[in-house]
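Input: a single structure, listed below in structure tokens.
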Amino acid sequence: RGSASVVQKASARPTRGQRSTSGHSGAMQLKVVLPSGEVNVPVEPNSTPGHLKENLKYSIRVPPKLIKLTCEGRELDDIKPLVAEPNNLQDGAIIIAEAREGVPEEPATSSPKPSAQPTMIKKEEPPKPKKLKKDDVRPTVADGDVVKARVLQAGRLAWKPEFLEGKQPKRHLAFMKLEAVEEKKTYPENEEDTLPICLGDPQTSPVWTAAAVQMKIGEKAQFTMPRKLVDFDPEGLNPTDSCQTWNVELVAIVEVIDVQQDFTQLAHIEKEGGKERAEDLDAISVHWRMRRWMAEGCPCIASSRERIAILPGYGLVPIEDQNAPPVQVTMGEGQQEAVECVAARCGPGGRGHLYLKSDALRGNRPQGCLVIDVEVVAMDACRGPGSPGWRGWQSLVSERETGDQWLEEADQRRKQLETFGTLRKSTGDSKDAEAHVSDQVHKFANNAARRYRRALTWLEADDQQDKKIQLERSTVQIRLAKASTLAHQRFGEAAESEPGAEEKAAVEEAQTLLTDVLKNAESSKNEQLLYECLKMTLQVWIQAENASEARKVLERLMGLKPDDEQLKSDSARINRLEAALTLKQGANTIESVQKDLQAAITAVDKPKVSECISSINDMIKGGQVTWDTVRTLKVGKDVGNAMKMGDPDIAASARKVVGEIQALAQRAGIGL
């Protein structure tokens, strides 16, 4: 089953689009009697007993088809709604859930062990709050501060401390068990777990490194240490109890990769797996889990194996289903950077963990310090003709369609930004949100462009005389032109600045691609391809801020399809572009006139001063400059200096300019 369908069933709710046929509205409560206890469960009236069995299989520990649900002696029909015939359940009904007769029981053992419950996912587990301190400077351990008082358990293996300071490609990650003797508290709280502390980490108290270097692996010893040195924990990774005596057990030490060489991303490759490594755009099948990284423990808060179970004493809870299928992640697309970081260092069958500080890889993950567990199951490495995953035409089309999906996501967000930009001016409250959406546009468009480039490379290796190949190649070229320019498009205040070298190069590449497509479309007389190519050419000219060329392409498009409503929007965009270019030109012009005015005032050249004052007045009245430009250049100050020259005619003209500046400021204040 796909994970989406399982989640729908697991929540005991009808699929999207279903409507209640029984007149019931909202969830109703059922009491489910399990072999291990009772539990009250909220369900949607239109859900089915079959949905309920998907949740119960984790408690009864048999497949759903081997679960029997009865109410008042009647066995429930799996596919009929709970409230419909023949089930006819009502709010508060009692359901008996048990394994069907004949299901083999697990063989009894001489010392039966209680069956372990599946791992529960604690989604609401918050990150440990950072401790506010007046002084965040890490304390220094002096000789005699951390003293090993006595050995409680002998160690088995000596080790050499390395990678403790400065930039290092590797670090030592110590797994410990700590006990605050006076406080009678243990870390982590679950005695079966261990506390990971990176030795030398500037975000943890130095006492734990000082203790570890005095121990062998497997050793347990009692230490005394100053309370002030213990009380340093800006990231919530180690205990801070006001305690002087600590029992420390050094369970294990492993070498980890310091990805950024700053302790913020630590990769522990537990098992390397096969020799093959995933490359850019390879599809990998993985299991992943996210855990909080805290001194108290590392509870699971998210998992690719998440399912909903009904457990006695808990009700409906998210759990990890160890039989859940793996999920697919594409390398290099940046949707799950932590998973990619581990998967790039493991082959199929490999397993690793990434320890993240609160400010590391913050996209698409919960806040706080985390441990990301990744298991690489398989790899689908389709790298073009001749590679193991190559499926010919199917691979080509799949690659282009994946690019289309990314391009659609980018285009939707572009429209959001442009709609917002036409409705209101950016403010301090909106700039962060706009920047986030802008980053998404660039990221998604770049993902699309990478797909199109790869598809284009594959197509160029095929028969160029095949009409199907020619059409697909032209289609990919058009989409690549759009994606590559969109990946560098400027929004908001950035749109008012000059384009950078990368954007200019992308526009130039897009023009080259579209020129090639246009020739092919005209020679093959493919009107649909021609029209799509011209529409994309129009967008490229608009981004290049070439209004005259954009207007020419628009006229040609309107000659082909005069009823296309989209062309009206494009015409409006060109009008806005022309207005913006006029204002930009006006800003340059008024700055030049302002300098002439300053020189004329200094030289007491009254005729030139009158000429400059008249030019400034005409530009402001004609809407050729904006209030921001006038304010930034301080044009009003120079106009005021002209008024002080003592000439009544100049003073009268200058007063008119001052009035126009005030009116311009008022219009800007109300968004005009």
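The values are calculated or read from the model by the stated rules, or taken from the named source; none is laboratory data. Everything numeric in this text was worked out from a predicted model, so none of it was measured. Glycine gets a Cβ as well: all are built from the backbone with ideal geometry, and neighbour counts include every protein chain shown. These area figures cover heavy atoms from the full protein model, side chains too; ligands, DNA and RNA do not enter into them. Shrake-Rupley method; radii C 1.70, N 1.55, O 1.52, S 1.80 Å.
Against the criterion of solvent-accessible heavy-atom surface with a 1.4 angstrom probe, Asp432, Asp233, Asp439 sort, most first, into Asp432, Asp439, Asp233.
Along segment 637-644 the Karplus relation, 6.51 cos²θ - 1.76 cosθ + 1.60 evaluated at θ = phi - 60°, assigns HN-Hα couplings of 5, 6, 5, x, 5, 5, 5, 7 Hz to successive residues, with x for each Gly and Pro. Based on Cα contacts under 8 Å between residues 6+ apart, segment 315-445 shows a relative contact order of 16 percent.
Computed from Cα atoms, the angle from the helix 501-524 axis to the main principal axis of the chain rounds to 80 degrees. Along its principal axes, segment 412-550 has C-alpha extents of 56, 31, 26 angstrom, given from the largest down. In the context of the full protein assembly, Lys357 retains an accessible surface of approximately 10 Å², using a probe radius of 1.4 Å and ignoring ligands and nucleic acids. Projecting the Cα atoms of Asn190, Ala668, Gln528 onto the dipole axis of the chain, where Lys and Arg carry +1 and Asp and Glu carry -1 at the beta carbon, places Ala668 farthest toward the positive end. Applying the criteria of a DSSP loop state and at most 13 other Cβ atoms within 10 Å to the trypsin sites (Lys or Arg not before Pro) of segment 478-557 yields Lys525.
Across segment 348-362, rounded Karplus estimates of 3J(HN,Hα) from the backbone phi angles (6.51 cos²θ - 1.76 cosθ + 1.60, θ = phi - 60°) give x, x, x, 8, x, 9, 10, 9, 10, 6, 5, 9, 9, 6, 6 Hz, Gly and Pro being marked x. Under 1.5 on a/c is rounded, so check that first for segment 358-425, then, if it is not, pick prolate when a/b is larger than b/c and oblate when it is not; a ≥ b ≥ c are the square roots of the alpha carbon gyration tensor eigenvalues. Oblate shape, in that a/c is at least 1.5 and b/c is the bigger or equal ratio.
When the chain is described by a simple charge dipole with +1 on each Lys and Arg Cβ and -1 on each Asp and Glu Cβ, the residue from Pro63, Cys243, Pro206 located farthest towards its positive end is Cys243.
The heavy atoms of Thr119 offer some 60 square angstrom of accessible surface to a 1.4 angstrom probe.
Computed over protein heavy atoms with a 1.4 Å probe, the carbon and sulfur contribution to the accessible area of segment 176-225 reaches 40%. Helices in the chain, meaning DSSP H runs of at least 4 residues, each add -39500 (n - 2.57). Divided by all residues, the mean residue ellipticity at 222 nm is -13500 deg cm²/dmol.
Which entries of Lys415/Lys504; Lys552/Lys621; Lys123/Lys170; Lys216/Lys271 have Cα-Cα distances beyond 27 Å here? Violating the 27 Å Cα-Cα cut-off are Lys552/Lys621; Lys123/Lys170.
With one equal scatterer per alpha carbon and no solvent term, the Debye-computed log10 I(q)/I(0) for segment 308-382 at 0.21 1/Å reads -1.02. Here the accessible area of segment 616-658 is 49 percent carbon and sulfur, with a 1.4 angstrom probe and all protein chains present.
Size of the dipole of segment 222-353 about the Cα centre, Lys and Arg at +1 and Asp and Glu at -1 on the beta carbon, nothing else charged, in debye to 20?
Values: 12 positive and 21 negative charges, 86 e Å.
It works out to roughly 420 debye.
Nearest 20 debye, what's the magnitude of the dipole of segment 117-252 about its Cα centre given +1 on Lys and Arg Cβ and -1 on Asp and Glu Cβ? Can you show the working numbers first?
Values: 22 positive and 22 negative charges, 53 e Å.
Value, rounded to 20: 260 debye.
Close amide-amide hydrogen proximity is noted between Val251 and Phe175, Met176, Lys177, Gly218, each under 5 Å apart and 5 or more residues distant or on a separate chain (H modeled in the peptide plane; Pro and chain starts excluded).
Estimated translational diffusion coefficient (Stokes-Einstein, Kirkwood radius over Cα pairs, 10 °C, 1.306 mPa s) of segment 279-426: 88 µm² per second.
Couplings for segment 618-624, taken from phi via the Karplus curve 6.51 cos²θ - 1.76 cosθ + 1.60 with θ = phi - 60°, read 5, 5, 5, 5, x, x, 8 Hz in order; Gly and Pro are left as x.
Structural size metrics of segment 133-249, computed from C-alpha coordinates, are Rg and Dmax of 13.5, 42 Å. Per residue, the solvent-accessible area of the chain (1.4 Å probe, heavy atoms of protein chains only, all protein chains present) comes to 52 Å².
What Kirkwood hydrodynamic radius do you get for segment 275-323 when you take the inverse of the mean 1/r over all pairs of distinct Cα atoms, in Å? After inverting the pairwise mean of 1/r, the radius is 13.5 Å.
Rounded to the nearest 20, the size of the Cβ-charge dipole of the chain about its Cα centre is 500 debye, with Lys and Arg at +1 and Asp and Glu at -1. Note on the chain: dipole from Cβ charges, positive end direction compared against Gly347, Leu173, Pro648; the farthest Cα belongs to Pro648. Close amide-amide hydrogen proximity is noted between Gln203 and no other residue 5 or more places distant or on a separate chain, at a cut-off under 5 Å (H modeled in the peptide plane; Pro and chain starts excluded).
Counting only Cα atoms, segment 469-568 measures 41, 31, 18 Å along its principal axes, largest extent leading. Taking max minus min of the alpha-carbon positions on each principal axis, segment 535-672 gives extents of 63, 30, 22 Å, largest first.
Translational diffusion coefficient of the chain at 20 °C, 1.002 mPa s, Stokes-Einstein with Kirkwood Rh over Cα pairs, in µm²/s as a whole number. Numbers along the way, then the final one.
Values: Rh = 31.7 Å.
In µm²/s, the coefficient rounds to 68.
Surface composition of segment 509-565: carbon plus sulfur atoms hold 50% of the accessible area, using a 1.4 angstrom probe and ignoring ligands, DNA and RNA.
Below 8 Å between Cα atoms, with a sequence gap of 6+, how large is the relative contact order for the chain in percent?
Rounded, it is 8 percent for the chain.
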